[in-house]
1. Which whole number of Å³ per residue matches the convex hull of the alpha-carbon atoms in the range 186-280?
2. For the chain, which whole-number percentage of the solvent-accessible area (1.4 Å probe, protein heavy atoms only) is attributable to carbon and sulfur atoms?
3. Counting DSSP beta bridges in the range 120-254, what percent are antiparallel, to the nearest 5?
4. ³J(HN,Hα) across the range 173-179 via Karplus (A = 6.51, B = -1.76, C = 1.60, θ = phi - 60°), whole Hz, x for Gly/Pro?
5. Can you list, largest first and rounded to whole Å, the semi-axes you get for the range 71-148 by taking the square root of 5 times each eigenvalue of its Cα gyration tensor?
6. Taking the DSSP beta bridges in the range 190-345 as the whole, what percent of them are antiparallel, to the nearest 5?
7. What does the charge count around His246 come to, taking other residues whose C-beta lies under 13 Å from its C-beta (Lys +1, Arg +1, Asp -1, Glu -1)?
8. Computed over the Cα atoms, what is the radius of gyration of the range 117-169 divided by 2.2 N^0.38 Å, N being its residue count?
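The values are calculated or read from the model by the stated rules, or taken from the named source; none is laboratory data. Since we're looking at a predicted model, the values are computed, not measured. Cβ: placed from backbone, ideal geometry, glycine included. Neighbour counts: every protein chain shown. The area values use the complete protein model at the heavy-atom level, side chains included, leaving out ligands, DNA and RNA. Shrake-Rupley method; radii C 1.70, N 1.55, O 1.52, S 1.80 Å.
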Amino acid sequence: MKKRILIGVPPKEHVILAMDEFDGLQKIGNHCETVIYTRNKWNATTLDRIYGVLRNAVNVVKKLYKVKPDVLYLNSRVNSLGIVRDFISLLLFRMLYWHKLKVVIKSHGSDTSFMEGNPFIYKNLIAPFICAQVDAYLMLSQDEKQNLLKYFPKLKGKVYVTANIIDSQRSTLSDEFKKSHNLDDTKFNFLFVGRMVKDKGVFSILKAIPHFEGKDNCKFIMVGNGDELENLKTLAKELKIEKYLHFTGFIEEIECDHFFANCDALVFPSLDEGFSMVLFKSIACGLPVITTQIRAAKDQLTEPDNCLWVDGNSELSVAEALNSIYNNQNLRIQMQTNNKQLGNKYSKESVCMEMDKVFDELLDKKN
C-alpha cells in the first residue's frame, strides 16, 4: 500500500539513521517527506525548552497541512524529557491539525525510571494521553518494550520491536585509513568505540589488559571522548599498559565507521545500551565481538556464534574473553561468517519492509 509519510528527523543525533529510513521507505513505494523534530540543547533553561518544543510543534503542524500524510513518524526517546516533549507536541498536533493521522514514535533508547513511585502528572495526565494518541511505538529491544508496557499498559498491542538500519558499505578496508590512525598490521587490533565513561565498561577493559596473555601482540584502539578520558589515561599509567593503548579522542561518525573494517575484534562491555550502533556495525562488518548480555544484544546475538558474553563490571571476565578471542582462530572465523550473515537482517530493505508492515497494519484498522 502506497502511503504518504512525514518523518520527524533530528538535526544532529540519529540523522543518518532517519535519512536511511526515509530513503528505504521511499524505495518500497511510499511518498516520504521530512520535518525537523528535535530535542533542545542539553543546557537549555526550562523556559527555552518549552519555547523550543512549542515552536517545533507549530512547524510540524505547518508541514502536516502541506503534506497531508497518512502517517506521522517521529524519532524520539522514552525518558522524562522526551515524554514531556512528545506530550506537548501531540497535544498541539491534535488541537491544530484536523485531518486523520496515524502517529508512530520510534524510541532511540529508553529510561522509564521517571515513572517509578507513580508520579501524579505522569501517571494521571501524560501517560493516558500518550497511550490514546500514539498509534504505535517502535522499540529497539524486548526489554525496552516490556519496560514501556509496565508503566504504559494501555499501549498493549501498539508496541513493536524493530531494528536500526546498518550499512556495512560505509566501512571500508583501507591501508591509507590504517596509516592515518596508527593501526599496526603487525598487531591484533581490539576496538572500542563510545563515550569514555564508566557505564561503557572502559575501566574494565583497561583493568583486564594486565591479565590478558596476548597483550604484547595486541593494540587496544579506544575511539571516543568523555568525562573519564583523563582518568583512563592516568589509570593506564598506573597499570603500566600505555604501550598497549591508543586513545584517538572524538572522531566524526562518517570517519569513525571505517574502524570496523580495519580492526580485528570489538570489545564492548557496556552496562547500558539499547540498540548499540557500534555493536551492530561491528556485527555487519563481520567482527568477532565481546559484549554484555543486555537489551538488543541479548535479543539478537548468541554465544559463541556471534559473540562472547562478559560481565561489564569484571575485568577478569573481560580478560578471559580477550584470551578466548585472541587464542582461538576457529572461533574468530566462525563469528566472522555468522556476523556478516546476521548483518543482512539490518539492511535498509529488510528494516524498512518490517516498518512498512506496521504502517499498513495501522492504516488497515478502522479509525
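1. Dividing the Cα hull volume of the range 186-280 by its residues yields 95 Å³.
2. Details: 8800 of 17600 Å².
Its accessible area is 50 percent carbon and sulfur atoms.
3. Numbers: 1 of 14 bridges.
The antiparallel fraction comes to roughly 5 percent.
4. Whole-Hz 3J(HN,Hα) from phi for the range 173-179: 5, 7, 5, 5, 5, 4, 5.
5. 21, 16, 10
6. Working: 1 of 17 bridges.
Around 5 percent antiparallel, to the nearest 5.
7. +3
8. On the way: Rg = 13.5 Å, N = 53, 2.2 N^0.38 = 9.9 Å.
Expressed relative to 2.2 N^0.38 Å, the Cα Rg reads 1.36.
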